[in-house]
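Below is one structure; the comments refer to it alone.
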Amino acid sequence: ANRSRGLSGYLFRRFLSTTGSTQPSLAFKIERTRSQNLPIYLDYKKGRTQCKTIVRKYKGDATVLASHIKHVVGTHHLIKMKASTLEVDGDHLDELKKYFEKLGF
């Protein structure tokens with residue numbers, strides 16, 4: 001009944017088929033906050049006219065994580081790698097949280 005759509009669903013099904021579990025072995029890990037939420041936030045700039053989605057508290061290969069984010073939000077969005085955070089232009093909070101929860105984080 002739970003159907004994944006698009007390329008992000010393809011990636012999710014591929015990882016499940018290769019690992020056989022709901023926690024795939026990836027080159028990165030996202031740790032939850034103390035309140036057990038995923039550390040994905042929105043940041044507004046310029047009078048709340050410009051929005052960025054920020055992913056924090058990850059460990060591992062940032063380029064692999066950025067490629068997963070690109071598959072979810074689309075390749076036309078700019079992803080900035082900063083010290084311990086990834087910033088994506090636009091509001092992609094719900095999409096990224098759903099995707100990473102499906103991956104088992």
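The values are calculated or read from the model by the stated rules, or taken from the named source; none is laboratory data. Computed from a predicted model, the values in this text were never measured in an experiment. Positions of Cβ are generated from backbone atoms using ideal geometry, with glycine treated the same way; all protein chains shown enter the neighbour counts. The protein model used for the area step is the full one, side chains on, heavy atoms only, and it has no ligands, DNA or RNA in it. Shrake-Rupley method; radii C 1.70, N 1.55, O 1.52, S 1.80 Å.
For segment 28-103, the fraction of 1.4 Å probe accessible surface lying on carbon and sulfur atoms is 48 percent. Just going by the charge dipole of segment 28-103, with Lys and Arg at +1 and Asp and Glu at -1 on Cβ, which of His92, Ile69, Ile30 is farthest out on the positive end? So the residue furthest toward the plus end is Ile30. If you take all other residues with their beta carbon under 13 Å from the beta carbon of Leu38, and give Lys and Arg +1 and Asp and Glu -1, the sum is +4.
For segment 28-103, the dipole from Cβ point charges (+1 on Lys and Arg, -1 on Asp and Glu) about the Cα centre works out to 240 debye, to the nearest 20. Per residue, segment 31-88 exposes 61 Å² of solvent-accessible protein surface, assessed with a 1.4 angstrom probe and all protein chains in place.
Its convex hull of Cα atoms gives segment 28-103 a direction-averaged projected area, equal to a quarter of the hull surface, of 5.2 nm².
Look at the alpha carbon pairs under 8 Å that are at least 6 residues apart: their mean separation over the length of segment 28-103 gives a relative contact order of 31 percent.
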